[in-house]
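K.L.:
The structure follows.
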Amino acid sequence: MNVAVLSGGVGGARFLRGVIGVVDPGNVSIVGNVADDIEVLGLRVSPDLDSILYTLTGLADEERGWGRAGETWQALDTVDQLGGESWFRLGDRDIGLHLVRTELLRHGVPLSEATERITHALGLEAQLLPATDDPLRTFIETSEGTFPFQTWFVARGHRDEVDAVHYAGSPEAAPGPGVLEALAAADVILIAPSNPYVSIGPILAVAEIRAALEQRTVPCVAVSPLIGGRAVKGPADRMLQRLAGGTTPAHVASCYAGLIDALVIDEADAPADLGADVRSVATRTLMTDVEAARRLAAAALDAAGAPA
Ligand code: GDP
Ligand code: CA
């Protein structure tokens, strides 16, 4: 069974760890968000792709919730000492990866190929596909101004309420190599419990990816990132409240109108009526450990009528 998963960073990565526990990783294709990418200190950073890579290869710092385990911060301390830009936290080990990626891109290697080389070197079995090789960047509109995603999220600690989200570059963005093929070859398409606006939204802003989902001939199942109407972490609940008008499963499903056949929700949010076209399936969705993530992935596949 081939499975394609649309994913953001940390929430998506946790879910993917479950997916590769119930499906042969060689049959899993991940379409990753790249609209959070940032150029900082001359380095090209792809936080969502890297969260996925680190989590699936066992390199992630589970306690901190992002970045690599055993990380040290000497390079950034020096940057700070020298008055350089140090607000975006880059650890020494992490920087090593960014050096390699940046060098490849500078020589004209597309992000998709750079990602393939890096994931291959680290032994990732699943296929990690950037949603696009084209420049696609999320901007957050607030009453304090419009900010690039990482400025709002990291530097401002996502404190400003969001009035609108824009995906700069989306009209020109084409799917990355292999993305449409992976969606076409999939027996099931899953949407990870990632932030609908800033993680999945930019992927769906690539017109040909959205069209592929609209025209799918296989089931597509999303997993809600909310439990009891609250985000496990991050601003997804506040964004849904403001941009969709609430935080119920119906509000989450509204982000994926016409694109999903079922939404996996937490028992705390059941029962939910999502209309005639979308079923809701309730289970425990908190991924406390790998086993819980596996159970959630199995529930999502089950909801797609393709039990693992
Ligand atoms: P980011 O790109 O690193 O911000 O990560 P994602 O967008 O992929 O994931 C963030 C979302 O994951 C948040 O909205 C969280 O509510 C959600 N999330 C994190 N852990 C869990 C979990 O255990 N269960 C569920 N259902 N959602 C989770
Ligand atoms: Ca992200």
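K.L.:
Evaluate the range 214-227: report whether one residue or more is part of a helix (DSSP H, G or I) and of a type outside the set (S, T, N, Q).
P.N.:
Checked against the condition, which is being part of a helix (DSSP H, G or I) and of a type outside the set (S, T, N, Q), the range 214-227 yields at least one hit.
K.L.:
Which members of the range 159-182 meet the condition of being open to solvent by 40 Å² or more (accessible area, probe 1.4 Å), closer than 22 Å to ARG44 by Cα and touching a helix residue (DSSP H, G or I) at 6+ places or on another chain (Cβ under 6 Å)?
P.N.:
Answer for the range 159-182, where residues must be open to solvent by 40 Å² or more (accessible area, probe 1.4 Å), closer than 22 Å to ARG44 by Cα and touching a helix residue (DSSP H, G or I) at 6+ places or on another chain (Cβ under 6 Å): TYR167, PRO177.
K.L.:
Taking PRO202 as the residue in question, decide whether it is open to solvent by less than 10 Å² (accessible area, probe 1.4 Å), more than 10 Å from LEU6 (Cα to Cα) and within 16 Å of ligand 2 (Cβ to nearest atom).
P.N.:
The answer is yes for PRO202.
K.L.:
I need the full set of residues from the range 1-19 which are in a helix (DSSP H, G or I), more than 16 Å from ligand 2 (Cβ to nearest atom) and within 17 Å of ALA303 (Cα to Cα), in order please.
P.N.:
Correct list: GLY18, VAL19.
K.L.:
Still on this structure: Quick one: which residue in ALA268, ALA304, ALA262 is over 18 Å from ILE189 (Cβ atoms) and either buried (at least 17 other Cβ atoms within 10 Å of the Cβ) or touching a residue at least 40 places away in the same chain (Cβ under 8 Å) (or both)?
P.N.:
Just a single option satisfies the conditions, and that option is ALA268.
Condition check ((1) closer than 24 Å to VAL179 by Cβ; (2) aliphatic (A, V, I, L, M); (3) open to solvent by 60 Å² or more (accessible area, probe 1.4 Å); (4) not in a helix (DSSP H, G or I)) across all residues:
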{"position": "ALA75", "(1), (2), (3), (4)": "no, yes, no, no"}
{"position": "VAL79", "(1), (2), (3), (4)": "no, yes, no, no"}
{"position": "SER86", "(1), (2), (3), (4)": "no, no, no, yes"}
{"position": "GLU113", "(1), (2), (3), (4)": "yes, no, yes, no"}
{"position": "HIS120", "(1), (2), (3), (4)": "yes, no, yes, no"}
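One line per residue, one yes/no per condition, for (1) touching a Lys or Arg at 6+ places or on another chain (Cβ under 9 Å); (2) within 14 Å of ligand 1 (Cβ to nearest atom); (3) at pLDDT 95 or above:
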{"residue": "LEU180", "(1), (2), (3)": "no, no, yes"}
{"residue": "SER194", "(1), (2), (3)": "no, yes, yes"}
{"residue": "GLU214", "(1), (2), (3)": "no, no, yes"}
{"residue": "LEU226", "(1), (2), (3)": "no, yes, yes"}
{"residue": "GLN241", "(1), (2), (3)": "no, yes, yes"}
{"residue": "ALA292", "(1), (2), (3)": "yes, yes, yes"}
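K.L.:
Residue under question is LEU183, and the condition is that it be closer than 25 Å to LEU296 by Cβ and outside any loop (DSSP other than H, G, I, E, B); does it hold?
P.N.:
Considered against the rule, which asks whether it is closer than 25 Å to LEU296 by Cβ and outside any loop (DSSP other than H, G, I, E, B), LEU183 comes out as yes.
K.L.:
Tell me which residues, restricted to the range 32-51, are outside any strand (DSSP E or B) and among the acidic types (Asp, Glu).
P.N.:
Within the range 32-51, ASP36, ASP37, ASP48, ASP50 qualify.
K.L.:
Moving on to the next point. Among the residues in the range 262-282, are any in a loop (DSSP other than H, G, I, E, B), modelled with pLDDT of 95 or more and within 16 Å of ligand 2 (Cβ to nearest atom)?
P.N.:
no
K.L.:
Conditions first: (1) open to solvent by less than 10 Å² (accessible area, probe 1.4 Å); (2) more than 18 Å from LEU296 (Cβ to Cβ); (3) within 13 Å of ligand 2 (Cβ to nearest atom); (4) of a type outside the set (Asp, Glu). ILE38 passes all but one, so which condition is the exception?
P.N.:
Tallying (1) open to solvent by less than 10 Å² (accessible area, probe 1.4 Å); (2) more than 18 Å from LEU296 (Cβ to Cβ); (3) within 13 Å of ligand 2 (Cβ to nearest atom); (4) of a type outside the set (Asp, Glu), ILE38 fails exactly one: (1).
The values are calculated or read from the model by the stated rules, or taken from the named source; none is laboratory data. Since the structure is predicted, the reported quantities are computational estimates derived from the model, not experimental observations. As a convention, Cβ positions derive from the backbone with ideal geometry for all residues, glycine included, and neighbour counts pool all protein chains shown. Heavy atoms of the whole protein, side chains included, go into the accessibility calculation; ligands, DNA and RNA do not. Shrake-Rupley method; radii C 1.70, N 1.55, O 1.52, S 1.80 Å.
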